[in-house]
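K.L.:
Here it is, the structure, as structure tokens.
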Amino acid sequence: MLSEEKNRQLTQVSAGTPMGELLRRYWMPIAGVSEFDSRATKPMRLMGEELVLYKDLSGTYGLVDRRCAHRRADLAYGMVEKCGLRCNYHGWAFNETGKCIEQPFEDTAFPGRNAKDRVTIKSYPVEVKGGLLWTYMGPKPAPLLPDWEAFSWDNGFTQIVISELPCNWFQCQENSIDPVHFEWMHENWGKRLRTGDMSRNPAHLKLDFDEFDYGFTYRRIREDSGENDDAWTIGRVCLWPCGFFLGEHFEWRVPIDDENTLSITWKYTRVPAGREPYVQKSIPTWHGPLHNPDGSWIDTHVMNQDFLAWVGQGRIADRTQEHLGASDRGIVAIRRRFFEEMESIAAGGEPKGTIRDPARNVRVPLPMMDRHKVLEPMTVDEIMSDRRTQLFYTTYIFQAGQPDWVRKEMSDAMGLEVVEFDGIVKARTAKAD
Ligand code: FES
Ligand SMILES: [Fe+2]
């Protein structure tokens, strides 16, 4: 349980708030590179700020104030040019540093005045990594954009999935250090949904949580696993400050504002043995829907189940009303660390997990369970003989709504038929396996 004041500190993300200032010390993924194959501008709200992300005709990305400095027109309707973004109202143009580079009437009628030199709009740097576009909204100098090892894995089909969730980011991130929900939400409840089966999957017996440079790990022993399993010796990574790393995929929960979160997933699937070399020309980005046609929340896919739990906690979870249990030790640990970090940066300290030394920022490894299963080539027979790998290679279990064209690209990469994951429908007509 937390006080109202402490809950506000964890959840408010605007500039000038303690958490807003802390989160601005980190690079955040905000979009997929491939989104700009079919668009030039993308309006974005990030940490409570109205911005527009664009790619100009030279291929330079910019993230600038959404409102034009002239009379506040919406730059999301602007025109990209060889250099920068031009407002569609009176033609003022801005580059990626926010500098006004043209004011057509003023430049023509009063060329000596150089009025544009006195005008800039807010801008943030944009970098590309792993098929994602990232930004840094904090004070300069910016730390390095982490070069997580996964971004250099080859022979894989990667896809990026984006959704906007109507709840605060912190309750999403608490899920990254919450091992027991897996047993209940994804296994026991998931099975009940699919089959009506009320039997229970193996229970958690023991948990532990550890901190390391780039976050925390949770480790578990269940009725079906022991002390030598990766789940206990390595565990999963709650990636600081707003990520989750599960080996073959990352999830990030990026604050849109206090009441909305951008969910970004980066998912890698290695091609089967014999399909190498496979070089992916472009990493597809798709947008995952949240609702069924009747307005109910989609509950068929792993992350959709998480989403409905997070949203169900309320727009901003009221932590004055909660009763934490022994399974929540990791949640207590990350909250404590966030409070310490908020104080530390207010006093001028270096935030946890930032990298400034280029020599350290090369294929940075993270703790990873089942490394060989994710990265080593498996034959099609091996893939098909294990239910979990079969699902990973022939469906997308994490979010509903994978478009046909992405399924086809994945299918072509894998040399396998990739089908829509539809556990509910399948199970309603079939027995549990
Ligand atoms: S409002 Fe943008 S140029 Fe006038
Ligand atoms: Fe989950």
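The values are calculated or read from the model by the stated rules, or taken from the named source; none is laboratory data. Computed from a predicted structure; not experimentally measured. Cβ coordinates were reconstructed from backbone atoms using ideal geometry, including for glycine residues, and neighbour counts include every protein chain displayed.
K.L.:
For PRO277, all conditions in the list (1) of a type outside the set (Asp, Glu); (2) out of contact with any Pro (no Cβ under 9 Å at 6 or more places or on another chain); (3) within 16 Å of ligand 2 (Cβ to nearest atom); (4) in contact (Cβ under 8 Å) with a residue 12 or more places away in the chain hold save one; what is the number of the exception?
P.N.:
(3)
K.L.:
Looking only at the stretch 1-18, count every residue that is farther than 20 Å from MET44 by Cα and touching a residue at least 60 places away in the same chain (Cβ under 8 Å) and tell me the total.
P.N.:
Adding up the residues that qualify gives 9.
K.L.:
Something else now. Residues that are aromatic (Phe, Trp, Tyr): which helices (runs of 4 or more DSSP H) entirely in the stretch 316-415 hold 1 or more of them?
P.N.:
Because the criterion is at least 1 residues that are aromatic (Phe, Trp, Tyr), the helices (runs of 4 or more DSSP H) in the stretch 316-415 that meet it are 329-346, 387-394, 404-414.
K.L.:
Whether any residue in the stretch 229-236 is in a helix (DSSP H, G or I), farther than 20 Å from VAL311 by Cα and within 16 Å of ligand 2 (Cβ to nearest atom) is what I want to check.
P.N.:
yes
K.L.:
Every residue in the stretch 52-84 that is under 30 Å from GLN12 (Cβ atoms), in a strand (DSSP E or B) and in contact with a helix residue (DSSP H, G or I) (Cβ under 9 Å, 6 or more places away or on another chain), please.
P.N.:
Matches in the stretch 52-84: VAL52, LEU53, TYR54, TYR61, VAL64, ASP65, ARG67.
K.L.:
Looking only at the stretch 47-74, filter to residues that are among the aliphatic types (A, V, I, L, M) and within 22 Å of TYR26 (Cβ to Cβ); which one of those is farthest from the chain's Cα centre (by Cα)?
P.N.:
If we take residues in the stretch 47-74 being among the aliphatic types (A, V, I, L, M) and within 22 Å of TYR26 (Cβ to Cβ), then VAL64 is farthest from the chain's Cα centre (by Cα).
K.L.:
Just one of (1) in contact with a Phe, Trp or Tyr (Cβ under 6 Å, 6 or more places away or on another chain); (2) in the same structural domain as PRO284 (by TED's automatic domain parsing) trips up ILE121, so point out which.
P.N.:
(2)
K.L.:
More than 16 Å from ligand 2 (Cβ to nearest atom), under 19 Å from the mean Cα position of the chain (by Cα) and not acidic (Asp, Glu): is that true of VAL126 in this structure?
P.N.:
The answer is yes for VAL126.
K.L.:
Could I ask something else about it? Contact list please: Cβ distance under 6 Å, first residue in the stretch 171-192 and assigned by TED's automatic domain parsing to the domain that holds VAL302, second residue within 10 Å of ligand 2 (Cβ to nearest atom) and not in a helix (DSSP H, G or I), pairs at least six apart or on different chains.
P.N.:
Qualifying pairs under 6 Å: SER176/PHE244.
K.L.:
For VAL406, indicate whether it is β-branched (Val, Ile, Thr), modelled with pLDDT of 95 or more and within 18 Å of GLU248 (Cα to Cα).
P.N.:
Yes.
K.L.:
Further question on the same structure: What residue, of ASN175, ASN188, is within 16 Å of ligand 2 (Cβ to nearest atom), under 30 Å from SER327 (Cβ atoms) and over 23 Å from the mean Cα position of the chain (by Cα)?
P.N.:
Step by step, each of ASN175, ASN188 is checked, and only ASN188 is within 16 Å of ligand 2 (Cβ to nearest atom), under 30 Å from SER327 (Cβ atoms) and over 23 Å from the mean Cα position of the chain (by Cα).
K.L.:
Tell me, yes or no, whether the stretch 18-34 has at least one residue that is closer than 27 Å to CYS87 by Cβ, buried (at least 19 other Cβ atoms within 10 Å of the Cβ), of a type in the set (Val, Ile, Thr) and more than 17 Å from the chain's Cα centre (by Cα).
P.N.:
no
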